[in-house]
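The values are calculated or read from the model by the stated rules, or taken from the named source; none is laboratory data. On a predicted model such as this, the values are computed, not experimentally measured, just so you know. Virtual Cβ from ideal backbone geometry, glycine too; neighbours counted across all protein chains shown. With ligands, DNA and RNA removed, areas are computed over all heavy atoms of the protein, side chains included. Shrake-Rupley method; radii C 1.70, N 1.55, O 1.52, S 1.80 Å.
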Amino acid sequence: MAGKTGESTRARKTYVPWESLPASRETIVGIGTVLPVVALYVLIAVVPIAFAFWASLHDIHTLNPEWEWVGLENYSEVMEIATFWGSLWRGVVYMVGSTLIQLAVGLWMAIVLNRITRGQKLLTAVVFTAYLIPTIIVSLVALRVFDPAGGVFQALGAEQFGLWGATEAPLGSREWAMPLLILIGSWKFSVFITIFTLAQLRAIPDRFYEAAKVCGANRWQMFRDITLPRLTGIILVVVLLRSIFMFNKFDIIWQLTQGGPGDATTTLPVLAYKTVYTDQAYGFANAIAVVMFLFLLVAAIAYFTLFNPSEEVETTT
Amino acid sequence: MPDITIENLTKVYEESGDEIVAVNDVTLTIANGEFVTLVGPSGCGKTTTLRCVAGLNTPTSGTIRFGDRDVTETPVQERNIALLFQDIALYPHMSVQENIAYGLKIAGFSRQERIARVEEAAGLLQITDQLEKMPSELSGGQQQRVALGRSLVRDPEVFLFDEPMSDLDAKLKAELRPVIEKVTDEIGCPTLYVTHDQEEAMTMSDRVAVINDGELEQVAPPKEIYDEPDSEFVSRFIGQPSTQFFDGRIRAVNGTGELVVGDYEYEVDGLGGWNGDEVRVGLRPQHITVNNDTDAGIPATHLLDEPLGDATHSFFETEFGEVIVVTGPDFEGDGKEYGLVFQSDSICLFDTDSGVRIA
Amino acid sequence: MSRNEPPGGVFGLSYDDESRVFEALKLLSTVIIVVVGVWPIYWMAQLAVTEYETVEDAVTVVPTPETFTLDNFSVLANPEMYTYMFNTVVVAIGTIVTVVVVSLIAGYGLARLSFPQKENFARILLIGYLFSPIVIGIPLYQIWQSIGLLGTRIGLIIALSALSMPFTVWLMWKYIMTIPEAHEEAAWVDGASRWRGFRDVVVPQCRPAIIAAALFAFALAWNDFTFAQILLPSTETTTFAPGVLRAMSQAQFLPDAHLMAISLVMTLPPLLFAYFMQSYLLKGFQVRAL
């Protein structure tokens with residue numbers, strides 16, 4: 001048979017014995033491509049969280065390698081102490097306040113940036129810079145302008161509006177620390193929402209608006225019927241992300257107030273950090289970290305079931 | 001250069017648990033230097049067949065040989081083929097020059113050799129002045145010429161086309177067809193050309209292979225496919241406007257058969273031994289004539305004319321439904337009554353169930 | 001539309017009036033964005049070029065000839081500050097390279113190859129968004145210590161790269177899906193291996209996605225405070241953010257004007273990126289990457 005002669009002349013260069021492997025070549029190469037990501041995840045997520053859980057079952061002094069098994073005692077203690085619930089509450093206030101302001105400002109900036117004609121590139125660059133600037137620099141500028149000694153906002157607030165005393169540091173006041181933290185963070189992080197919504201706005205074809213104009217739609221109707229539906233998916237996603245990020249936020253709070261005054265701005269991440277380094281209770285801090293992670297996981301799953309943002313994103317393409 | 005042999009090629013896809021037979025037991029040989037067109041409606045398995053020959057898909061069963069070499073399992077890189085894609089697929093980040101030379105670069109040709117070969121191909125394709133441009137700056141026709149150049153310089157063993165002109169307008173198609181023929185002649189290897197456009201199939205091919213639902217219906221030279229279709233499907237698919245079909249019956253008369261369509265009788269050769277059988281009657285619109293006398297043929301009411309300049313397509317309403325007739329360039333029906341006369345020697349008869357040609 | 005209906009614009013205005021109101025609102029919005037967006041950067045810049053004694057206890061708006069100085073930038077020569085900045089640059093570059101390479105390869109695999117559990121893998125990646133530097137950092141401190149990565153820049157690069165993955169892998173995956181497969185198949189027909197096709201045809205076309213991923217990684221690394229604070233505990237080898245904060249608390253001679261000068265320098269790279277790369281960035285982010 002002709003097929004047999006063909007068989008014998010088949011020349012194949014094989015360096016890897018693909019044929020004798022238990023899976024197809026494509027499967028092996030495919031898994032190979034994601035292995036680095038898996039490795040990073042295992043190293044940075046699976047191992048630490050497993051480690052944190054294991055450590056949370058022990059009483060550990062931060063600087064002392066002695067581990068003493070205490071079972072779930074750390075957890076029952078976490079649930080009992082007032083600072084935990086207080087920090088959780090402050091964290092939720094910080095998260096909700098920040099996310100709402102950022103959503104409103106971010107959306108507004110995206111819409112304006114999408115519509116202006118002159119200086120669009122420069123202004124977009126300046127706005128984007130706010131997101132790219134290191135948090136520490138935002139904090140340094142904020143510390144400077146709210147400093148009672150020569151800080152321009154401190155002076156304005158004291159002299160023009162009488163919000164605080166002439167020598168009072170607003171970031172050190174129980175009344176003003178939290179609102180100022182929310183506002184300062186929003187200056188930087190609103191841009192996150194702007195970037196994503198602006199990218200979506202740019203992707204809406206003009207012909208939709210032209211068709212709406214032909215139908216006699218006004219600007220508000222065009223926004224409501226064309227722009228907003230196209231943005232819903234991405235808004236649901238960025239709101240979720242911003243909420244998670246703000247709930248996890250540690251850097252800007254630590255830099256500006258270190259959780260103070262007292263514990264007026266101590267959220268859960270700050271509490272966990274202070275527990276490690278101030279209270280030297282490493283096991284207990286890990287229990288807080290595990291609780292935080294579980295809390296976020298439950299909240300995120302609930303959010304996904306309620307809104308299913310990924311589906312929105314898929315279908316609005 | 002070798003010929004292509006496709007033997008009992010079958011490709012089955014699995015989609016969410018269901019098995020879909022895309023290509024079913026196709027056997028086809030393309031001789032060296034021959035231009036064979038695989039034509040059929042969309043989703044008929046023609047592209048799958050071509051991708052199996054190219055090595056982009058692996059057949060479920062069957063063999064593909066280039067000459068004596070069994071390439072069924074050979075990766076596409078080692079088949080030494082050229083392939084023109086439906087969406088042209090020029091590398092958008094490379095200039096025309098780099099696009100054409102990429103295969104040579106992979107094969108390890110020197111820079112000078114590459115430039116020389118690109119120049120030569122560009123000359124043949126009349127794109128010498130486009131070499132420095134990026135693909136996005138070219139028109140659709142020019143892009144297709146570049147894609148041809150990419151194939152030309154590599155001197156392939158097998159030339160494959162996957163509906164390369166489906167996105168071009170009619171005028172450009174007509175312009176490119178001779179270019180494609182020139183290039184395939186130049187290379188002189190077996191060519192498999194896939195298209196859904198029967199006009200392309202008819203104009204360029206040495207042989208046309210009509211495929212439907214994953215199965216080959218007929219493989220024959222264009223003229224034969226047109227005049228002597230093997231099946232109702234081939235007859236309907238090839239030719240413009242499409243073959244007109246009627247329901248008929250065969251009556252035995254004096255040892256031979258007579259075709260009866262409604263109240264009308266036609267003498268058709270080769271109907272001996274048939275009697276009382278229902279048949280499908282196929283007749284090309286070119287083989288129907290229009291008589292001013294309604295009694296001369298099937299009475300028909302004129303509906304509308306589509307003048308094309310060299311001929312007119314006229315639509316009539318008859319007792320058998322709407323019938324299209326190719327009439328002379330000056331014909332104007334004006335909605336009047338006519339009689340349609342069938343040229344009985346051009347009638348084809350098909351089995352009502354299988355669609356296979358009877359006579 | 002029938003004639004007796006009210007004008008169709010917002011608030012019953014005619015379309016022309018509506019446009020005028022809209023233009024006015026747009027102008028007002030632009031002014032607010034410029035003022036609020038630019039002001040802190042301007043303030044930082046003007047403080048950076050004002051004599052530090054003046055900055056310490058008086059409000060200045062514009063540097064006058066008497067108070068203008070470039071001496072504040074001498075802080076860049078401070079060996080500690082120089083080390084912090086150098087470390088930040090090394091960590092940023094390391095993170096960008098790791099993120100781009102790893103996510104390109106993984107994105108290609110997700111887009112072009114079929115393997116079991118692919119979709120679930122992609123979904124599990126999204127859990128990465130939940131990782132808080134503080135939640136990961138606290139256990140990681142001990143883990144890094146036991147395997148000797150504590151206090152190394154590599155350790156920080158690994159941590160920051162992992163944090164970028166959920167976003168960048170999805171970005172690459174979805175972006176590569178938009179590149180026609182025929183481009184790659186054409187390369188294979190030309191004789192290119194899968195790897196060669198990936199390198200010569202896919203990667204060059206991924207430029208917007210690569211730049212978007214690189215910027216994302218850059219923002220993360222340039223911004224990072226928490227991981228560096230925990231994983232680079234020693235003052236000498238840390239990055240800019242924790243370094244500056246520690247220097248401030250150690251009550252050295254570190255006037256605010258000097259801080260503003262160094263901050264201004266650290267702000268320039270992001271500003272330049274944002275200006276020159278924004279079109280790529282927006283193109284990359286247009287892909288449904290989440």
With DNA, RNA and ligands ignored, accessible area of B:E175 (1.4 Å probe; Å², nearest 10): 90 Å²
Estimated 222 nm signal from helices in chain B, with DSSP H stretches of n ≥ 4 weighted -39500 (n - 2.57), rounded to 500: -7000 deg cm²/dmol
Model label zone, B:K336; criterion: amide N under 16 Å from point 7 Å along Cα-to-beta-carbon; scope segment B:288-305: B:290-297, B:299-305
For chain B: span of alpha carbons on each principal axis (Å, largest first): 77, 46, 39
FRET efficiency, A:R207 to C:L268 (Cβ-Cβ, R0 35 Å, nearest 0.05): 0.30
Cα gyration tensor of chain A - equivalent ellipsoid semi-axes, whole Å, descending: 44, 37, 18
Accessible area per residue, Å², the protein assembly as shown with all protein chains present, probe 1.4 Å: 43 Å²
Chain C: DSSP helices with Cα axial extent of at least 20 Å and average Kyte-Doolittle hydropathy no lower than 0.0: C:15-48, C:79-112, C:153-177, C:207-223, C:256-276
Under 18 Å from the A:E77 label point (7 Å along Cα→beta-carbon), backbone N, segment A:38-54: A:52-54
Inter-label distance, nm, simple model (7 Å from Cα along the C-beta direction), C:V59/C:Q145: 4.7 nm
Averaged over A:43-53, number of beta-carbon atoms from partner chains that fall within 10 Å: 6
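Which whole-number percentage describes the relative contact order of chain B, with Cα contacts under 8 Å and a sequence gap of 6 or more?
15 percent
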Listed residues C:W43, A:V93, B:I250: farthest to the positive end of the dipole of the protein assembly as shown (Cβ charges): C:W43
Of the DSSP H helices in chain A, those whose Cα atoms cover at least 27 Å axially and whose Kyte score averages 0.0 or more: A:82-115, A:177-202, A:228-248, A:282-307
Label point at B:D18 placed 7 Å out along Cα→Cβ; residues across segment B:44-86 whose backbone nitrogen lies under 17 Å: B:44-45
27 Å tail of the calculated P(r), segment B:1-160, as % of Cα pairs: 34 percent
Nearest-0.05 FRET efficiency for B:E322 and B:D155, computed from C-beta distance (R0 41 Å): 0.20
Relative contact order [Cα under 8 Å, 6+ residues apart], chain A, whole percent: 27 percent
Around A:S186: net Lys/Arg minus Asp/Glu count, Cβ-Cβ under 12 Å: +3
Among C:L282, C:A212, C:A241 - extreme Cα towards positive end, dipole of the protein assembly as shown, charges at beta-carbon: C:A241
Shape of segment C:15-114, Cα gyration tensor, a/c cut at 1.5: oblate
Rel. contact order, % - alpha carbon contacts under 8 angstrom, at least six apart, segment C:72-286: 36 percent
For peptides A:170-178, B:130-138, sequence by mean Cβ density within 10 Å, most packed first: A:170-178, B:130-138
Cα gyration tensor shape of chain C, rounded if a/c is under 1.5, else prolate or oblate by comparing a/b with b/c: oblate
Charge dipole (debye, nearest 20) of the protein assembly as shown; +1 at Cβ of Lys and Arg, -1 at Cβ of Asp and Glu: 4560 debye
Most positive-pole-ward Cα, B:L38, B:A311, B:P241, against dipole of chain B from beta carbon charges: B:L38
Pairwise FRET efficiency - C:R199 versus B:E215, Cβ, R0 = 45 Å, nearest 0.05: 0.65
B:S139 versus A:R118: modelled label distance in nm, points set 7 Å from Cα along the beta carbon direction: 4.1 nm
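Show that you can apply the helix-only estimate: for chain C, add -39,500 (n - 2.57) for every DSSP H stretch of four or more residues, divide by all residues, and state [θ] at 222 nm to the nearest 500.
It lands at -22500 deg cm²/dmol.
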Kirkwood-based shape ratio for the protein assembly as shown, expressed as Rg/Rh from alpha carbons: 1.10
Proximal charge balance of B:N275 [Cβ under 12 Å; K/R count +1, D/E count -1]: -1
Cα-projected label distance for C:S114 with A:T232, points at 7 Å along beta-carbon direction, nm: 3.3 nm
At least 50 Å² accessible surface lost relative to isolated chain, residues of segment A:204-225 (1.4 Å probe): A:N218, A:R219
Lys, Arg +1 and Asp, Glu -1 on Cβ, resulting dipole of segment B:210-254 about Cα centre, debye, nearest 20: 280 debye
